[in-house]
Amino acid sequence: MRKKFICGNWKMNKTTQEACQFASEIRGMEKKFEGVEVGICPPYTALQAVHGVLDGGSILLGAQDVAWAQDGAYTGEVSPLMLKEVGCTFALVGHSERRTLLDESDELINRKLLSALQFNMTPLLCVGESLDERERGMTERVVETQLRGCLAGTDAKALSRMVIAYEPVWAIGTGRNATPHEAQEVHAFVRRFLAGRFEAEASQDAQILYGGSVTPKNAAALLAQPDIDGALVGGASLDVRSFTDIIQAAREIAQAV
Ligand code: PGA
């Protein structure tokens, strides 16, 4: 039985003080999250302080990215070792904003994913097609190419230590989410791909999150889909009320099965 995972991606938002305030509010509500995995990805500058607030509790702390190397002459990069030191257990890799704005390739993302795994961090790999690609009927081909490239050199055991997020680029920050049916179709495709690339059992256990304009309004319908195991939430994760409402929606679905 796959657990639902609700993960907030704050992007370049919140000062350290604001981040700690948010963290202490949700820390106080942890009991209400039982049965659902909850994580937040604050900006790098707030990680250590937020870790201090969350330490000893069940809310997971993640980074929004991770470097492909342990140390060295990589100006501006932050290594998995450094992220672990400030309490991160997971890191996003391949977010579409980095693919688009910073030209990150599947090959680079693959190196980041392997580097996270090497240091026992969970990589949360994001994949998804652009609007143009969807309209041209290329969704599956694009997602498969990204998965193939980003997962190079991994095996079923590695798959059990990562999380995948399907995030259609056209739905991110646009207020236009994929319908539950559209999302489910791609999630089922991702799982079929994983079954072929790894093993059937490993693919059944893999957590596949949906991301792209998830809100308290649409969360329940998306999360009720059989292959949607949680949500990667941007905008709606910046507000305690909307973030916890999404967690609540996940909890109700988890309790109903
Ligand atoms: P959004 O962002 O929820 O604001 O669309 C999702 C994401 O980028 O992970």
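The values are calculated or read from the model by the stated rules, or taken from the named source; none is laboratory data. Predicted model, so just to flag it, every value in this text is computed and none were measured. When we count neighbours, we look across all protein chains shown, and the Cβ atoms used for this are built from the backbone with ideal geometry, even at glycine. The area values use the complete protein model at the heavy-atom level, side chains included, leaving out ligands, DNA and RNA. Shrake-Rupley method; radii C 1.70, N 1.55, O 1.52, S 1.80 Å.
Taking region 118-149 as the region of interest, how many residues are within 16 Å of the chain's Cα centre (by Cα) and among the small types (G, A, S)? The number of residues fulfilling the criteria is 1.
I'd like the full set of residues that are modelled with pLDDT of 95 or more and of a type in the set (A, V, I, L, M, F, W, C), limited to region 178-201. Lay out the reasoning, then the answer.
The initial filter retains those residues of region 178-201 that are modelled with pLDDT of 95 or more, namely 179-198.
Matches in region 178-201: A183, V186, A188, F189, V190, F193, L194, A195, F198.
Every condition in (1) farther than 16 Å from L209 by Cβ; (2) modelled with pLDDT of 95 or more; (3) in contact with a Leu (Cβ under 9 Å, 6 or more places away or on another chain) holds for M29 except the one numbered (3).
Of the residues that sit in region 230-253 and are over 11 Å from F5 (Cα atoms) and not in a helix (DSSP H, G or I), which one is nearest to the ligand (Cβ to nearest atom)? Please lay out each step first, then the result.
Narrowing region 230-253 to residues over 11 Å from F5 (Cα atoms): 234-245, 248-249, 252-253.
Subsequent filtering for residues that are not in a helix (DSSP H, G or I) retains 234, 238-239.
Numbers: G234: 2, L238: 9, D239: 12 Å.
Going through the qualifying residues, I end up with G234.
With respect to the conditions (1) over 20 Å from the mean Cα position of the chain (by Cα); (2) in contact (Cβ under 8 Å) with a residue 24 or more places away in the chain, K31 lacks only one, and its number is (2).
Checking each residue in region 165-182 for being within 13 Å of the ligand (Cβ to nearest atom) and either of a type in the set (S, T, Y) or touching a helix residue (DSSP H, G or I) at 6+ places or on another chain (Cβ under 8 Å) (or both) picks out Y166, E167, P168, V169, W170, I172, G173, T174, R176, N177, A178. Tell me whether region 146-166 contains one or more residues that are open to solvent by 40 Å² or more (accessible area, probe 1.4 Å), part of a helix (DSSP H, G or I) and not charged (D, E, K, R). No, because not a single residue in region 146-166 is open to solvent by 40 Å² or more (accessible area, probe 1.4 Å), part of a helix (DSSP H, G or I) and not charged (D, E, K, R). Scanning for something open to solvent by 10 Å² or more (accessible area, probe 1.4 Å), more than 22 Å from M1 (Cβ to Cβ), of a type in the set (V, I, T) and away from the ligand (no atom under 15 Å from the Cβ), does region 206-227 turn up at least one residue? No: zero hits.
Of everything in region 88-105 that is free of Cβ contacts under 8 Å to residues at least 60 places away in the same chain and surrounded by fewer than 18 Cβ atoms within 10 Å (Cβ to Cβ), the residue that is nearest to the chain's Cα centre (by Cα) is T89.
For region 6-29, which positions are hydrophobic (A, V, I, L, M, F, W, C) and open to solvent by 10 Å² or more (accessible area, probe 1.4 Å)? M12, C20, M29, listed by residue number.
Would you confirm, using the coordinates I've provided, whether L61 is out of contact with any His (no Cβ under 7 Å at 6 or more places or on another chain) and of a type in the set (A, V, I, L, M)?
Working: out of contact with any His (no Cβ under 7 Å at 6 or more places or on another chain): no; of a type in the set (A, V, I, L, M): yes.
The answer is no for L61.
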